[in-house]
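So the structure is just underneath, and the comments pick up after that.
The values are calculated or read from the model by the stated rules, or taken from the named source; none is laboratory data. Since this is a predicted model, take the numbers as computed values, not measurements. Positions of Cβ are backbone-derived with ideal geometry, glycine not excepted, and every protein chain shown enters the neighbour counts. All accessible areas refer to the heavy atoms of the entire protein, side chains included, with ligands and DNA or RNA removed. Shrake-Rupley method; radii C 1.70, N 1.55, O 1.52, S 1.80 Å.
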Amino acid sequence: MPTIYPERLYAEAGGLMTYGSSVLDMYFQAGIYTGRILKGENPADMPVLQAAKFEFVINLHTANC
């Protein structure tokens, strides 16, 4: 049964395809926010960011089966 998963890990484990935000990019943004907070910026004054980078991964081995 064809299925779409939310994270790249599922396609690497044998799932057909994934579509979702880039986990690596989310960690990068979290690091930027942490740095701003450690420099003294008030977290309540910081904007909330939405995901800007998305990944679409197709497992060709599973697709060919």
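Under 7 Å by Cβ, and 6 or more places apart or on different chains, what pairs join a residue from the stretch 18-29 that is open to solvent by less than 30 Å² (accessible area, probe 1.4 Å) with one that is of a type in the set (Gly, Ala, Ser)?
As it stands, the answer is Thr18/Ala11, since those pairs meet every condition given.
Considering only the stretch 1-55, state which residues are within 30 Å of Cys65 (Cα to Cα) and in a helix (DSSP H, G or I).
Hits for the stretch 1-55 are Arg8, Leu9, Tyr10, Ala11, Glu12, Val23, Leu24.
Any idea which of (1) closer than 14 Å to Ala63 by Cα; (2) of a type in the set (A, V, I, L, M, F, W, C); (3) open to solvent by less than 50 Å² (accessible area, probe 1.4 Å) is the one Met46 doesn't satisfy?
Result: Met46 passes all but (1).
Right, Thr62: open to solvent by less than 50 Å² (accessible area, probe 1.4 Å) and either in contact with a Lys or Arg (Cβ under 6 Å, 6 or more places away or on another chain) or of a type in the set (D, E, K, R) (or both) or not?
Considered against the rule, which asks whether it is open to solvent by less than 50 Å² (accessible area, probe 1.4 Å) and either in contact with a Lys or Arg (Cβ under 6 Å, 6 or more places away or on another chain) or of a type in the set (D, E, K, R) (or both), Thr62 comes out as no.
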